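Chemist: Can you read through this structure? Questions will come right after.
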Amino acid sequence: MEDLLAARSQMAMSLAFHIVFAVVGMAMPLLMVIAEARWLRSGDPIYRELARRWARGTAIIFAVGAVSGTVLSFELGLLWPTFMEHAGPLVGMPFSLEGFAFFLEAIFLGIYLYGWDRVGRRAHLLAGVMVLISGTASGVFVVTANAWMNAPAGFDLVDGAFVNVRPWEAMFNPMWATQCGHMVIAAFQSVAFAVAGIHAAMLLREGGNAFHKRAIAIALPIAAIAALAQPLMGDLLAKATAKNQPVKLAAMEGQFETEQGAPLRIFGLPDEEREQTPWAIEIPGALSFLAYGDFDAEVRGLKAFPRDEWPPVAIVHIAFQIMVALGLWMMAVGVFGVGMSWRGRRLYTARWYLWVLVLTAPMGMLAVEAGWVVTEVGRQPWVIQGYLRTADAVTPMPHLVVPFLVFTLLYLVLSVIVVYLLWRHVFQSPTSRELEALQAPESAADDLSESTD
Amino acid sequence: MPELAMIIAAIIVLALIVYLLTGGADFGGGIWYLFATGERKEAQRRALTQAIAPIWEANHVWLILVIVLLFVCFPSVFAAMMTALHIPLVIMLVGIVLRGSAFAFQSYSAGAQGLERSSARVFAIASVSSPLLLGVCVGAIATGEIRVLENGVVDTNFVSEWLSPFPFAIGALTLVLCAFLAAVYMTVEAPGEALKEDFRRRALWSALATGVCAFVAGLLAIRDAPLIWEGLTGAGWSLLFQLITGLAALLAIGALWTRRYRLARVAAGAQVALIMMGWALAQFPYLIYPDFRILESAAEPAVLRPVLIALAAGSVLLVPSFLYLYAIFKPREAPELAGDEERVNEP
């Protein structure tokens, strides 16, 4: 394996692995905090149990996310020293702030996980809120740094050097807001659907279990809201991409020709050799409208750019199609869920809908991965769009296939263990009978814990 | 404004010291987990796990902060280090990943006993490899072997810079320092006299090992790291500094000997911090000897100034939160209670 390919594969694999853990670390605190707040308000111990058990799963995932994130901060330099030499100061502001956000997240997660009996109830809930805020902020800062690679700003290029650095301009680059919005919504959406799907599966095993009903009642609204908001956010991001990365947009859409009234393509397999995208259903003018708000607007096709600045068109187009398809499906599932809960409580007894939720559980994560492919592969051959090619940023270190294989194997083993442990935790969730026992002596137990607070 | 780079370099050293005092002690906890022996083996391990669990993730972030400050403020230094030390850093990272994941797996095993046991073992072994390699990298930076060519490319064969006796002596020193700190902390935190005695013995032995490693590293430095050797022996400040560090070490040992554990903890922390500071001063003004000096390799002031502002603003949130975390999980009352009992029990 060629060194550049090995380095790219290792980076892609590390990010694809980390992103799952990162989104869980961002979104799970919201679910835990809601459950805990409901417990504090209603006194219903099932909510407390829910928050505690969700916290256990989150603890495993957060730990793996923390260390795989550490690996990434090193890998930036281990694999792309030239990139970091140029970009380090420019992405410095978001990364410095991310350091602090991650710090706060780790601190308050420690308090949240191990402090149930050590701090007061309010303080504990507040710790959860801090994890939520700092976790989301941390994600936003990282994506901000990535947005700079897509829309580099805040410097002057003089003799190949990035000088006159304006850190705030670099941070608030043209892509940061839309990319961050898209990613944050994606995090809450994917995690909420995953959680709803898991508890739906458990509800299919034991109908009427209040533990799983309440879990779905918390997760599904978040999932539905996110799924409905995401297409709007995605549209804004597409418009920003059209402006800042027209090549990427052309690849996403399989658009080879520059044309007015460009069509939106559904399906289709771009062929770089013949410079066309056959097998597509074309909606006339729709791409022009989505990208520029005008059915007759001109969309620049791939041919308008030098051949050696094209990303791998087929990969980008297919990944984009997968992401959009999954997004539309989740939107439909969300709308249905809202509709069903409106009309009585049929949601928990309609087995077909529970099955749909189970089926939908992995889709958010898959969409996140597909979207990440669009972002990263769509920027190729550049690591800093228009300024530094990926091939020129790689380390001179030989035999990079070795660390690639080592980390791949490592992450594979970790994935298997994490899935196995989560599976065990899920299957240990309380049965209806255990829940009754939990609720019965509730007043007594509650008084006891109240007095020790 | 050249002072900015100096301030940030000082903050990096400070963050490294805090990392060693907190995250380093967590590594040490893993080391003693591996070497838990005697009839109280399981009790030792339980106490170590309890001491680490709530805080290790927060402690670990100091390392990330160091890395981020390095690549933001000294990007060429970061690039050179990551290029020349690729191999030991990758091995260290594998250890860090295994260690953190395995610790979480054994804490939340949901009753999977086989997995719990093997995770604990992996956690313990990786707790040895990670600080060792971190020390190797620090040692390699001081040897003067990592050079850059005229065109700015790092001149390295990826191996000889770190695969030599001096870096490994520093790796061993790092390892015993971590073990020393953890054992001293545990004399305060472990429940019960018997466990405290176990860790007291371990602390005293690792204090001795620290002395041996430091001596060996010093001898090797004469040949392999002349900059450090001269800094630690030749400069005007160095003798006084050595004296203070030595006094802190003696105080730590004396306090351990007489079972004044809280005093021992302060003295041991001071000793380790002084060793780190001595190292930093000896290496001053180089980040990598001899091609990267602090001032010449810093990013523009336009980059450094906002980073300092971010650091100041972030600290306002971070420092109280960090102290709050420690106040919750390392309360003053409980150990003092234990200390009182101790005095009562003494004849």
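Chemist: What is the distance, in nm, between label points placed 7 Å from the Cα along the Cα-to-Cβ direction at A:ASP271 and at B:LEU250?
Modeler: 8.6 nm
Chemist: Most fluctuating residue of B:ALA47, B:ALA25, B:ALA252 in a GNM of chain B with Cα springs under 10 Å: which is it?
Modeler: Ranking B:ALA47, B:ALA25, B:ALA252 by mean-square fluctuation puts B:ALA47 first.
Chemist: Hey, quick one: spin label on B:GLN113, modelled 7 Å out along Cα-Cβ, who in region B:33-55 has an amide N within reach, i.e. under 16 Å?
Modeler: Residues B:42 fall inside that zone.
Chemist: Could you list which residues have their amide H under 5 Å from that of B:ASP155, counting only those 5 or more apart in sequence or on another chain, with H placed in the peptide plane?
Modeler: B:ARG147, B:VAL148, B:LEU149
Chemist: Here is a further query. Show me, for region B:28-38, the HN-Hα J-couplings you get by feeding each phi into the Karplus relation (A = 6.51, B = -1.76, C = 1.60, θ = phi - 60°), rounded to Hz, glycine and proline as x.
Modeler: x, x, x, 4, 6, 5, 5, 9, 5, 9, x
Chemist: When all alpha-carbon pairs of region A:10-93 are counted, what percent fall beyond 18 Å?
Modeler: Tail of P(r) above 18 Å: 57 percent of Cα pairs.
Chemist: Still on this structure, please answer the following. How about region A:339-378: which trypsin sites (Lys or Arg not before Pro) there lie in a loop by DSSP and see at most 14 other Cβ atoms within 10 Å?
Modeler: Those that pass, being in a loop and sparsely packed, are A:ARG343, A:ARG345.
Chemist: Which lysines have a Cα less than 24 Å from the Cα of A:LYS239, not counting those fewer than 8 places away in the same chain?
Modeler: Output for A:LYS239: A:LYS248, A:LYS303.
Chemist: Still on this structure: For B:GLU230 and A:TYR420, what does the FRET efficiency come to when R0 = 45 Å and r is the distance between their Cβ atoms, rounded to the nearest 0.05?
Modeler: Once rounded, the FRET efficiency stands at 0.25.
Chemist: Let me ask another. Each residue of region B:66-72 in turn: what ³J(HN,Hα) in whole Hz from Karplus with 6.51, -1.76, 1.60 and θ = phi - 60°, glycine and Pro shown as x?
Modeler: Using θ = phi - 60°, the values come out as 4, 4, 5, 4, 5, 7, 7 Hz.
Chemist: Further question on the same structure: Take peptide B:304-310, look around each residue's Cβ out to 10 angstrom, count Cβ atoms belonging to other protein chains, and average those counts.
Modeler: Taking the mean over all residues of the peptide, I get 5.
Chemist: Within region B:161-241, list the chymotrypsin sites (Phe, Trp or Tyr not before Pro) lying in a DSSP loop whose Cβ has at most 12 other Cβ atoms in a 10 Å radius.
Modeler: B:TRP237
Chemist: Go ahead and set up a Gaussian network model of chain B, Cα springs under 10 Å, then flag whichever of B:GLN271, B:GLN113, B:GLN44 fluctuates most.
Modeler: Taking springs between Cα atoms under 10 Å, the residue moving most is B:GLN113.
Chemist: Using 1/(1 + (r/R0)^6) with R0 = 41 angstrom and r between the beta carbons of A:ASP117 and B:GLU296, what's the FRET efficiency to the nearest 0.05?
Modeler: The computed FRET efficiency comes out at 0.15.
Chemist: Given the DSSP H assignment, sum -39500 (n - 2.57) over each helix run of at least 4 residues in chain A and divide by its residue total; what's the result at 222 nm in deg cm²/dmol, nearest 500?
Modeler: After summing the helix terms and dividing by residue count, I get -24500 deg cm²/dmol.
Chemist: Short version: ³J(HN,Hα) in whole Hz for each residue of region B:170-183, in order, from phi by Karplus 6.51 cos²θ - 1.76 cosθ + 1.60 (θ = phi - 60°), x for Gly and Pro, what are they?
Modeler: 5, x, 5, 4, 4, 4, 6, 4, 4, 5, 4, 4, 4, 5
Chemist: Ranked highest first by average number of other Cβ atoms within 10 Å, how do A:304-311, B:186-193, B:88-95 line up?
Modeler: B:88-95, B:186-193, A:304-311
Chemist: Percent of Cα-Cα pairs more than 40 Å apart in chain B, please.
Modeler: So the portion of pairs separated by more than 40 Å is 13 percent.
Chemist: Another question, if that's okay. Pull up all non-local amide H partners of A:PHE162: gap of 5 or more, or a different chain, and H-to-H distance under 5 Å with H placed in the peptide plane.
Modeler: none
Chemist: Check which residues have an amide H placed less than 5 Å from A:PHE256's amide H, if you skip close sequence neighbours.
Modeler: A:LEU302
Chemist: Let me ask you something else. With a 10 Å cut-off between alpha carbons and a GNM built on chain B, which of B:ALA280, B:ALA327, B:ALA249 moves the most?
Modeler: Judging by the Gaussian network model, the answer is B:ALA327.
Chemist: Still on this structure: Translational diffusion coefficient of the protein assembly as shown at 20 °C, 1.002 mPa s, Stokes-Einstein with Kirkwood Rh over Cα pairs, in µm²/s as a whole number.
Modeler: 76 µm²/s
Chemist: To make sure I understand the rule: partners must be lysines, Cα under 21 Å from the Cα of B:LYS330, and not fewer than 8 residues away in the same chain. Which ones qualify?
Modeler: B:LYS196
Chemist: Continuing with the same structure: At A:ASP156 and A:TRP355, where each label point lies 7 Å from the Cα along Cα→Cβ, what is the point-to-point distance in nanometres?
Modeler: Once both label points are built, they end up 6.7 nm from each other.
Chemist: From the C-alpha coordinates alone, can you work out the Kirkwood hydrodynamic radius of region A:1-439, in Å?
Modeler: Radius from the Kirkwood sum: 23.1 Å.
Chemist: Still on this structure: Check each of the trypsin sites (Lys or Arg not before Pro) in region B:234-335 and keep only those in coil by DSSP with at most 11 other C-beta atoms within 10 angstrom; list them in order.
Modeler: When the trypsin sites (Lys or Arg not before Pro) of region B:234-335 are filtered for loop state and at most 11 Cβ neighbours within 10 Å, B:ARG332 remain.
Chemist: Rounded to the nearest 5, what is the percent of antiparallel bridges among the DSSP beta bridges in the protein assembly as shown?
Modeler: Roughly 100 percent of the beta bridges in the protein assembly as shown run antiparallel, per DSSP.
Chemist: Return a whole-number percent for the relative contact order of chain B, with Cα pairs under 8 Å and 6 or more residues apart as the contact set.
Modeler: For chain B, the relative contact order is 22 percent.
Chemist: Remind me, relative contact order of region A:1-122 in percent, using alpha carbon pairs under 8 angstrom and six or more residues apart?
Modeler: 27 percent
Chemist: Something else: In whole Å, what is the distance between the alpha-carbon centres of region B:1-34 and region A:207-239?
Modeler: First find each Cα centre; the distance between them is then 42 Å.
Chemist: Between A:LEU232 and A:ASP392, how high is the FRET efficiency from 1/(1 + (r/R0)^6) when r is the Cβ-Cβ distance and R₀ = 56 Å? Nearest 0.05.
Modeler: About 0.90, to the nearest 0.05.
Chemist: In region B:129-173, which residues have a backbone nitrogen under 16 Å from the label point lying 7 Å from B:ILE222's Cα in the Cα-to-Cβ direction?
Modeler: In region B:129-173, the label zone of B:ILE222 (backbone N under 16 Å from the point 7 Å along Cα→Cβ) covers B:166.
Chemist: Okay, next question. Note down the relative contact order for region A:299-423 as a percent, whole number, built from C-alpha pairs under 8 angstrom at least six residues apart.
Modeler: About 31 percent, as a whole number.
Chemist: Just to be sure I understand: if I project the alpha-carbon convex hull of region A:328-385 onto a plane and average over all orientations, what area do I get in nm²?
Modeler: 4.9 nm²
Coordinate-derived values only; no laboratory data. No experiment lies behind these values; they were computed from the predicted model shown. Cβ coordinates were reconstructed from backbone atoms using ideal geometry, including for glycine residues, and neighbour counts include every protein chain displayed.
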